[in-house]
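Colleague: Here it is, the structure in full.
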Amino acid sequence: MPQKDGLRPDNFEYLVSYHLPSISYMSVPAKMRAVSIHEFGGPEKLEFIDWPTPQIGESEVLIRVRATALNRADLLQRMGKYPPPPGASPIPGLEVAGEIVAIGKKVINWDIGARVCTLLAGGGYAQYINIHGDMAMSIPAEMNYEEAAAIPEVFLTAFQAIHWLADLQAGEKILIHAGASGVGTAAIQLAKMIGAKVIVTASAAKHTLCDYLGADLMIDYKKDNFEAVIAAFTEKQGVDVIIDFIGAPYFQANLNSLAMEGRLVQLAFMGGVNPSDVNIAPLLRNRLKLMGSTLRARNLEYKIRLIQDFQKHYWHHFSTGNLKAIIDSVYNWESVAEAHRYMESNQNQGKIVLMVD
């Protein structure tokens, strides 16, 4: 069962530290435990296997994973609908937190034992992961591993969408669909720090969390027509930015809800990819911008720049408490199938975290 108060294993013993010309490292096993998708299908298709411990390059570090977090992409990969990018690990998992146990000879900004978290293209459901040294983010002293694991994917996705793509400005209005999701909770916080007015869609049971994070208006998507609510709230002026994960069912209403020179950022298609009978007149009439983006398949240079920019502008706010990792539940990774079922039920508010033994 999930543990709301979290787990934090501190019984990992450093066996010995070596210093060789090529790398510095603690003793690590040749093989590790990892979660594999032995065939596509439901959560029962996830299984634990022995897998070779990753070897690091001269610009990489090896992380002993303490926590990872679930993302919708993990569920899609398990079902065969979202394969990892070429060259990425076939093991699911897009973010981890842990400590560095090996350092390549060209890495000068990290020490053995440093606590870090990072974004991945795959491989997070495992005891060890190798990453480029510049991809690591230092975990604040006040933060535990489960909190750190809940940050990289959702906050970097939200930061990319709000800052790099939509260029949200103070005083503007933003509509965030799925406001209580991992990315949604991160986006609310970032948008409020910019000084925007935030509107979210979420089921009524999740409005309390959205209100706590600073949303100015919550719309129950199960009961209310968000287009009509936004028209009334904005006096038919519309919102400046929309962050959407739903796709086809919302596409027309999204276009109709955008203000002059509004920007729509499409991050997923949970509701499908084929909108019907779409009136695209608002594109020209209101000079709209439509943008789509994924993060997983971006190249290393892009991800490093994104991480560095995010750290520059926002990382210190996690230490002050102005930004928070929103965690719904914490499971031991032995219960990974149960965690997947829980996410599929769409009950979670914030992140679902797995603690890795």
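Colleague: Gaussian network model of the chain, Cα springs within a sub-10 Å range: biggest mean-square fluctuation belongs to which of Ile103, Ile139, Ile194?
Modeller: Looking only at Ile103, Ile139, Ile194, the biggest GNM fluctuation is shown by Ile194.
Colleague: To continue, here is another question. Against the 2.2 N^0.38 Å scaling, with N counting residues, where does the chain land? I'd like the Cα-based Rg ratio to two decimal places.
Modeller: Taking N as the residue count of the chain, the ratio is 1.01.
Colleague: Next question, about the same structure. Which one, Tyr128, Tyr145, Tyr302, has the greatest fluctuation when you compute a Gaussian network model over the chain with C-alpha springs under 10 angstrom?
Modeller: Tyr302
Colleague: Tell me, Phe269, Phe318 in order of fewest to most beta-carbon neighbours within 10 Å? List each step's numbers first, then the result.
Modeller: Working: Phe269 16, Phe318 20.
Ascending Cβ contact count within 10 Å gives the list Phe269, Phe318.
Colleague: Still on this structure, please answer the following. Kindly point out which whole DSSP H helices in the chain project their C-alpha atoms 18 angstrom or further along the helix axis while averaging a Kyte-Doolittle hydropathy of 1.0 or above.
Modeller: Once both thresholds are applied, what remains is 182-194.
Colleague: On alpha-carbon atoms, Rg over Rh for segment 216-357 using Kirkwood Rh?
Modeller: Ratio value, two decimals: 1.02.
Colleague: List the pairs from Lys236/Lys351; Lys81/Lys105; Lys222/Lys351 whose alpha-carbon separation is above 32 Å, in the order I gave them. It would help to have the intermediate numbers written out before the result.
Modeller: Details: Lys236/Lys351 34 Å; Lys81/Lys105 38 Å; Lys222/Lys351 22 Å.
From Lys236/Lys351; Lys81/Lys105; Lys222/Lys351, over 32 Å: Lys236/Lys351; Lys81/Lys105.
Colleague: Still on this structure: Quick one: if you stick a label point 7 Å off each Cα along the C-beta vector at Asp111 and Ala88, how many nm between them?
Modeller: Simple spin-label model gives 3.4 nm for this pair.
Colleague: If amide hydrogens are placed 1.01 Å from N in the peptide plane, which non-local residues have theirs closer than 5 Å to the one on Thr201?
Modeller: Amide H neighbours of Thr201: Ile176, His177, Ala178, Gly179, Ile219.
Colleague: Which FRET efficiency value, to the nearest 0.05, is calculated for Glu44 and Asn274 with the Förster distance at 35 angstrom and r the Cβ-Cβ distance?
Modeller: Computed FRET efficiency for Glu44 and Asn274: 0.70.
Colleague: Please compute the volume of the convex hull spanned by the alpha-carbon atoms of segment 125-213 and report it per residue in Å³.
Modeller: Convex hull volume per residue, Cα atoms: 137 Å³.
Colleague: Cα atoms only, segment 154-292: Rg and Dmax in Å?
Modeller: Taking only Cα atoms of segment 154-292, I get Rg and Dmax of 13.4, 38 Å.
Colleague: So the label point goes 7 Å from the Cα of Ala281 along Cα→C-beta, right? Which residues of segment 237-268 then have their backbone N under 19 Å from it?
Modeller: 237-239, 251-262
Colleague: Mind checking segment 232-287 for trypsin sites (Lys or Arg not before Pro) that DSSP puts in a loop (not H, G, I, E or B) and that have at most 10 other Cβ atoms within 10 Å?
Modeller: Those that pass, being in a loop and sparsely packed, are Lys236.
Colleague: How do Glu147, Glu58, Glu227 rank when sorted from fewest to most other Cβ atoms within 10 Å of their own Cβ?
Modeller: On the way: Glu147 24, Glu58 12, Glu227 17.
Fewest-to-most Cβ neighbours within 10 Å comes out as Glu58, Glu227, Glu147.
Colleague: Go ahead and run the numbers for FRET between Ala205 and Glu301, Cβ-Cβ distance against an R0 of 45 Å, rounding to 0.05. List each step's numbers first, then the result.
Modeller: Details: r = 41 Å, r/R0 = 0.92.
In this case the efficiency is close to 0.60.
Colleague: Mind putting a number on the dipole of segment 188-271 about its Cα centre? Charges go on the C-beta only, +1 for Lys and Arg and -1 for Asp and Glu, and I need it in Debye to the nearest 20.
Modeller: 140
Colleague: Further question on the same structure: When a footprinting reagent is the concern and you count Cβ atoms within 10 Å, what order do Ser257, Ser345 take, fewest first?
Modeller: On the way: Ser257 24, Ser345 8.
Sorted ascending by nearby Cβ count, the order is Ser345, Ser257.
A short reminder: the numbers here are calculations on the coordinates, not readings from a lab. All of these numbers come straight from a predicted model, not from anything done at the bench. Note that each Cβ is placed from the backbone with ideal geometry, even for glycine, and that neighbours are counted across all protein chains shown.
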